[in-house]
Amino acid sequence: MGKDYNEKTEYLRIDEKENAIDSLHRAVEFLKNTKTNLYDWKWFIIAIHHATHCFMLVALQNTDLSGIWKEPEIRKENGLIDLFNSKNRLITFMEAFERIQDHKRMAGYVSAKPFQAEPYHKNSMKHLNNQLRNKFIHYKPMGWSIHNQYFKDIVEPILEIIEFLVFESGRCHFVEEQQNQIKSDLDQLRGLLKDYAE
C-alpha cells in the first residue's frame, strides 16, 4: 500500500482512502485464514463491510467534504461544514448505498456516474449489513450456524460494487499504486470465494 512498515515511526497516519484500502486488504487476510480458523469468517465479514462503507464514503465525499453527513453543522462565517462538530454524524452503510445510486449525489465530475443496482446487489447489501455484520458486532447469546456458501453468495455482489466505485464511478481518485492494490485484493477475494464453491 505504498508504506514501508519497517520504517520507524511514532505515528499511525491514515486517511479515508488508506482506511478503505486497509480494510479490503484485511478482508483478504481473514478470508485466507478461514481455511484453518472458522472464526475468521466473522472478522472477514466485519472487514468487508467496513471496506465497502469506506469506499462508498470516498465516492460520495465532495471536495468540500460534504455528501457523507446526515445533517451536518455549517460554520456560519464561511458556509462550510464544521468537520469538528461532535453533532455531525456520517451516513449509515445503507444510506451510503442509497446515495451511490443517486445521479445528483454522484455527479460533479465529467465522467461521474451512479451505481446501477440490480435486485441481487440490494439483497446482498441488506444481508451483509443486517444479517451478518450487525449480528456479529451486536452479538446476542444464541447458537448460530452459517454455511460458507451463504457468505460467498452475499459477498460476491459486494465486490462488484467496490470495483465499480473505484474503477468506473469517476468519483474515486486513487493513485496507480493504490488502484493496483485494490485490484489485486478484489482478484484474491474472488479466487478465494470461488474455492468454496468447488
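All of the numbers you see were taken from the coordinates with simple rules; none came from a lab. Keep in mind the model is a prediction, meaning the values are calculated, not measured. Virtual Cβ from ideal backbone geometry, glycine too; neighbours counted across all protein chains shown.
When the trypsin sites (Lys or Arg not before Pro) in the range 22-101 are filtered for DSSP coil states and for at most 16 other beta-carbon atoms within 10 Å of their beta-carbon, the remaining sites are LYS35, LYS70, ARG75, LYS76, LYS87, ARG89. Loop-resident chymotrypsin sites (Phe, Trp or Tyr not before Pro) (DSSP state other than H, G, I, E or B) in the range 19-54 with no more than 14 further Cβ atoms inside 10 Å of their Cβ: TYR39. Here the contact order of the chain, divided by its residue count and restricted to Cα pairs under 8 Å and six or more residues apart, works out to 24 percent. Shown here for the range 58-107: chymotrypsin sites (Phe, Trp or Tyr not before Pro) in loop regions (DSSP other than H, G, I, E, B) with at most 11 other Cβ atoms within 10 Å, namely PHE84.
Reported to the nearest whole Å, the Cα centre-to-centre distance from the range 75-128 to the range 159-198 is 20.
Panel order for PHE174, PHE167, by other beta carbons found within 10 Å of each beta carbon, from fewest to most: PHE167, PHE174.
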